[in-house]
Amino acid sequence: MHGHGKPFGPPAGVAAIGLLARDMLGLRYDPDAVFRMEAQRILSRSGREYSPDDDKGIYKLTSAFKHTEISFEISPEPPPLVECATSEEGRRPKRSGVASVIAERIAARSLVTTGLLGDYLPKMGRVMLYSEAISSCADKLALHARHVGSVTLIHETLHALTHLGRDLDGRMWAEFALPDATHPLFEPSLFHETLTQYFTYQHIIRLADSALLHAFETMSARQAPAYRAWRRLQNLPLEDARSWFLGVRRGVGLAQNAWQVMSGALQEEG
């Protein structure tokens, strides 16, 4: 990260993020409760005595949990995919490059959210919004920047929750994270993006915001196949989508029928 971003708090607070985790993904997100539970467990296993109100006890372990709570930042810097595109030419990315990359991807129906409009940085637990890319996308698609930004925010927050959220047994999978968008060979994860778009659509439907839905559908129409495949899955029951997601996160894998449905949706959009 470039260090010039503007941090901001979670939209409507941690409680709203917790509801998003529960209602869409069937996960729990309560960073304070998780910290206290896990820190006490660590201290118990170590055989050390502790008091919940003693800073030398449980709260001495806060640094070990600093990236388990989602943070949010708006950055004016070029997003990773613009940096990668310009660095191949052996020069520093320029601000004019953002609009150019956005326009090219919209024309080619290869627009992506992660790595371009926003990002989730798993090592930091941070959701990023790239303000210039969002503004350029809104201009090219005749949308309001606040709606493009909101769609991006929901999408990347869901990515963060699939990584940091815990199931009902209290388990999380630190390795279940997105590919690094700063890598020169970055490719969107078809599984992550297809299901995240599905969950984004379902959440926007629940919000009953027609302007936000219009922005989501307009953006989706110009995006890469994994971002369009939600249309083929929009009537999929939410519980089935959760089962697919949790099965893969646990390492169980997709049932053959589920994989065929998802593969078919991607092929139809490809």
Practice task
Just report the Cα centroid separation between region 104-130 and region 198-238, whole Å.
Solution key: 16
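Arrange the following residues from fewest to most other Cβ atoms within 10 Å of their Cβ: 70, 134.
70, 134
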Exercise for the section: Among 17, 74, rank each residue by its count of other Cβ atoms within 10 Å, from fewest to most, as a rough exposure measure. Expected result: 74, 17
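Computed from the coordinates by the stated procedures, all read-outs in this text should not be read as laboratory data. For clarity, every value in this text was computed on a predicted model and none was experimentally measured. In this analysis, Cβ positions are derived from the backbone assuming ideal geometry, glycine residues included, and neighbour counts consider all displayed protein chains.
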